[in-house]
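Data first, discussion second: the structure below is written as structure tokens.
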Amino acid sequence: MFRAVVEAGEDVSVAELTETLGLPRPTVHRLLDLLAKEDMVEPDPVTRRWGPTAECQRLGALLAARQDLVKLARPVLAEVVERSQEACLLGVYLPRRRQMIYAAEHSSPNPLSYRIELNTPVPVNWGASGRAILAFLPEDEIEAIIAERVPAPGSGEKAPSPAVLRRELECIRQQGYAFSRGQKIPGSRGIGAPILGADGTAVGSLTLTIPEMRFREEAKEQLAEMVMQGAAKLSATLGYRGGAVG
């Protein structure tokens, strides 16, 4: 039913849907009502023809943007990996869930690395990948996410106090990147930078994931610069015209 409405190309009547789908008219009405309750379709108040809602179109745009971001990010991921010799991840923020997913990965050429589960929602209040996003979200979203106090998915560590986390987020905003130790992936070190949309709000992050045994503290700033440059390149592609982050 939903596909029939969307693929019609223009608003469609119940009679047309009945003919297209080969369903009884009462069934078509019932399915349309269910979709309307989910804010996916709506009838025109004058013609009574049905079409996708603004919310449906917004979700479609988000899906398209996510796919576009993955396509845009792949060469940047490859470039960062070539320079750093470490795995690089593309994180994408999910506003309605207030979570993120890893949407793409470019593996390290080194034999020791981590297997990352893609497209599975994870919190943004932990890990360099998440906190790089969290630091650049609107204040009301930051407040709501901090209030959830979700434990670290990797270590089980309890959430820091709101005051402590806010101080860290301010530090991330000033330096332009986040750093973490095993919060999402035990035994790893993460360095993440925000990918910003045209309005300066984070839409995702670019993150290096480095095995603890291979990480050198003296190389952290150099690696962070590589990540920030990659994230800045993607941000500019998405229309961000602000100054350098950090």
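The values are calculated or read from the model by the stated rules, or taken from the named source; none is laboratory data. Since the model is a prediction, treat every value here as computed from it, not as a measurement. Because the Cβ atoms are built from the backbone with ideal geometry, glycine has one as well, and the counts that use them run over all protein chains shown. For accessibility, only protein heavy atoms count, side chains too; no ligands or nucleic acids. Shrake-Rupley method; radii C 1.70, N 1.55, O 1.52, S 1.80 Å.
With a simple spin-label model that places each label point 7 Å from the Cα along the Cα-to-Cβ direction, the separation between Asp33 and Leu59 comes to 2.0 nm. Computed from the Cβ-Cβ distance with R0 of 25 Å, the FRET efficiency linking Arg3 to Thr201 stands at 0.20. Surface composition of the chain: carbon plus sulfur atoms contribute 52% of the solvent-accessible area (1.4 Å probe, protein chains only, all chains present).
In the stretch 62-169, which chymotrypsin sites (Phe, Trp or Tyr not before Pro) are in a loop and have at most 11 other Cβ atoms within 10 Å, using DSSP for the loop call? Answer by residue number: there is no such site. When +1 charges are put on Lys and Arg Cβ atoms and -1 charges on Asp and Glu Cβ atoms, the dipole computed for the chain relative to its Cα centre reaches about 560 debye. Look at the alpha carbon pairs under 8 Å that are at least 6 residues apart: their mean separation over the length of the chain gives a relative contact order of 15 percent. Counting only protein heavy atoms and a 1.4 Å probe, the stretch 67-238 has 46 square angstrom of accessible area per residue. Here the dipole of the stretch 1-63 is about 160 debye; that uses its Cα centre as origin and unit charges on the Cβ of Lys and Arg (positive) and Asp and Glu (negative). Take the stretch 1-63 with all the other protein chains still there, run a 1.4 Å probe, and you get 66 Å² of accessible area per residue. Can you figure out the FRET efficiency of Glu221 with Arg97, using R₀ = 35 Å and their beta-carbon distance, to the nearest 0.05? Step by step, r from the Cβ atoms, then E = 0.60.
Close amide H contacts of Ala104 (hydrogens built in the peptide plane, cut-off under 5 Å, sequence separation of 5 or more or a different chain): Leu90. Solvent-accessible surface of protein heavy atoms, probed at 1.4 angstrom with all chains present, puts Ile116, Ile145 in the order Ile116, Ile145, largest first.
The 1.4 Å probe gives accessible areas that order Thr27, Thr53, largest first, as Thr27, Thr53.
For the pair the stretch 112-174 and the stretch 1-64, the centres of their Cα atoms are 38 angstrom apart.
Between Val28, Val70, Val203, the GNM of the chain built on Cα springs shorter than 10 angstrom shows Val28 fluctuating the most. Mean-square fluctuations from a GNM of the chain, with a 10 angstrom spring cutoff on Cα atoms, peak among Gly200, Gly192, Gly22 at Gly22. The accessible-area ordering, largest first, of the residues Leu23, Leu35, Leu165 stands as Leu23, Leu35, Leu165, per a 1.4 angstrom probe. Under the simplified labelling scheme, the Val46-Arg166 pair shows an inter-label distance of 5.1 nm, with each label point 7 Å from Cα along Cα→Cβ. When the chain is treated as a Gaussian network with alpha carbon springs shorter than 10 Å, the biggest mean-square fluctuation among Glu148, Glu19, Glu79 belongs to Glu19.
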